[in-house]
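So the structure is just underneath, and the comments pick up after that.
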Amino acid sequence: MGVQALHSAATGMEAFQFNMDTIANNLANAGTHGFKSSRVNFEDLYYQHMKAPGANAGDGVIPLGVSVGLGTRVASTNRDHSQGNLITTNKPLDLAIAGRGFLQVTNGTQTYYTRYGGLTQNAEGTLVLESANQSWRVEPAIQIPIDATNVTVSDLGLVTALQAGQTEPTELGTLQLAMFQNQHGLMQVGENLYTETAASGAATQTQPSLEGAGTIKSGFLEASNVEPVRELVDLIKTQRNIELNSQVIQAADQTLQLIANLRRF
């Protein structure tokens, strides 16, 4: 039984170490715009049944049985897709989505999805995502003329601008939002980006304000939805659980040493 205690406590330490890694990532991204925090779900492992409950005992059935578990493991990580606070930036190309939708971007070969709406223009005037590593073009592509002024984005995603010699704004295009049947099934790939998977289902393109996609707020960015106080509380609980499992390992090791030394007496 001492060996089983060692194994169970070891699985507990491994699982809670994974939880600590997840909390660390949440706290590291507390200031990342559009970031969604993650939560770790655990499940118990298999059980060894010395006497199964309900077994025939001759004069009846055993009401409880005798069983011992073999530890725990990480079952899944679940992202919290709740809305983050909107931060005012007063930049017309900073966009926040007030709803469940995602902006769609591409690097020319693959399509990605993001909640981060910090947009800018590239050398051709095409709207792209602000990034230090790669040019992520917003889809559908929208190009800003070189003489455009007063670029605005409406709540419904309509991009307009004034051009030289005009008194009325010109419509440059309309931003679309992507929706997923199961947004928790999206895969995070870094750089504030997600890719669709078989679990998320295929993206459905829709206009802002329709099908729960939400509206687009120009001049705002969505803050991370990480709650630092809750994360710190979870961090302390996780640390205590790791310590408790380490104490179980020490106790089980001492018990095994005692048993091993019995033959000397």
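Read-outs: derived from the displayed coordinates by stated rules, not from any lab. Remember, predicted model here, so these are calculated numbers, not experimental data. Heads up, the Cβs are rebuilt from the backbone with ideal geometry, glycines too, and the neighbour counts pull from every protein chain shown.
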- Task: Could you check what % of the DSSP bridge pairs in the chain are antiparallel, to the nearest 5?
- Result: 100 percent
- Query: Each residue of the range 193-209 in order: what ³J(HN,Hα) in whole Hz does its phi give by Karplus 6.51 cos²θ - 1.76 cosθ + 1.60, θ = phi - 60°, with x for Gly and Pro?
  - Reply: 10, 10, 10, 6, 9, 5, 6, 7, x, 6, 5, 10, 7, 8, 7, x, 5
- Message: How many angstrom lie between the Cα centre of the range 93-159 and the Cα centre of the range 228-265?
- Response: 51 Å
- Task: Rank by packing, highest mean first: peptides 177-187, 44-54, with packing defined as the count of other Cβ atoms within 10 Å averaged across residues.
- Result: 177-187, 44-54
- Over all alpha-carbon pairs of the chain, lay out the pair-distance distribution in 5 Å bins, whole %, shortest bin first. 1, 5, 10, 12, 12, 11, 9, 8, 6, 6, 5, 4, 4, 3, 2, 1, 1, 0, 0, 0, 0
- Task: Give the angle, between 0 and 90 degrees and rounded to the nearest 10, that separates the Cα long axis of helix 228-260 from the longest principal axis of the Cα atoms of the chain.
- Result: 20 degrees
- In straight Cα distance, which aspartates and glutamates are under 14 Å from Lys237, not counting same-chain residues fewer than 8 positions off? Asp21
- Message: Pairwise over distinct Cα atoms, reciprocal of the mean inverse distance: report the Kirkwood radius of the range 23-90 in Å, one decimal place.
- Response: 16.4 Å
- Item | Calculated [θ] (222 nm, deg cm²/dmol) that DSSP helices of n ≥ 4 give over the chain, each run adding -39,500 (n - 2.57) | -8000 deg cm²/dmol
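Hey, any idea what Rg/Rh is for the range 86-222, computing Rh the Kirkwood way over Cα pairs?
0.97
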